[in-house]
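Note sheet for the following structure.
The values are calculated or read from the model by the stated rules, or taken from the named source; none is laboratory data. In this text the structure is predicted, and so the values were computed from the model without any measurement. Every residue, glycine as well, gets a Cβ built from its backbone with ideal geometry; the counts of neighbours run over all protein chains shown. Just the protein is used for accessible areas: all its heavy atoms, side chains included, with ligands, DNA and RNA removed. Shrake-Rupley method; radii C 1.70, N 1.55, O 1.52, S 1.80 Å.
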Amino acid sequence: MAARFEVRHQPGKGYHFVLIATNGPVIATSEHYETHRSCLNGIDSVKRNAGAPIQDTTGANQDR
């Protein structure tokens with residue numbers, strides 16, 4: 001199974017999505033959106049921008 005987005009609803013808080021890895025754990029959680037449509041737009045934004053480079057602002061100099 002491929003990674004997937006899951007839309008969730010919490011009464012009083014609205015909608016949010018989680019990104020679930022291929023092996024099952026949640027690897028990202030979104031902010032809360034007032035509408036279902038806004039939540040789906042958030043997912044579309046992540047999909048479009050997922051190829052963005054890493055910007056490490058920690059100043060850490062670690063071996064990889």
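Key figures for this structure:
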{"quantity": "Cβ pairs under 8 Å, 6+ apart, first in the stretch 1-27 and at positive phi and small (G, A, S), second surrounded by 11 or more Cβ atoms within 10 Å (Cβ to Cβ) and part of a loop (DSSP other than H, G, I, E, B)", "calculated": "G14/H32"}
{"quantity": "Residue in the stretch 4-17 that is farthest from A50 (Cα to Cα), counting only those that are of a type in the set (A, V, I, L, M, F, W, C) and open to solvent by less than 60 Å² (accessible area, probe 1.4 Å)", "calculated": "V7"}
{"quantity": "Output for the stretch 25-57, where each listed residue is modelled with pLDDT under 90, more than 30 Å from K13 (Cα to Cα) and either open to solvent by 100 Å² or more (accessible area, probe 1.4 Å) or within 13 Å of the chain's Cα centre (by Cα) (or both)", "calculated": "P53, I54, Q55"}
{"quantity": "Strands (runs of 3 or more DSSP E) completely within the chain that count 3 or more residues being out of contact with any Ser or Thr (no Cβ under 8 Å at 6 or more places or on another chain) and not small (G, A, S)", "calculated": "4-10, 26-29"}
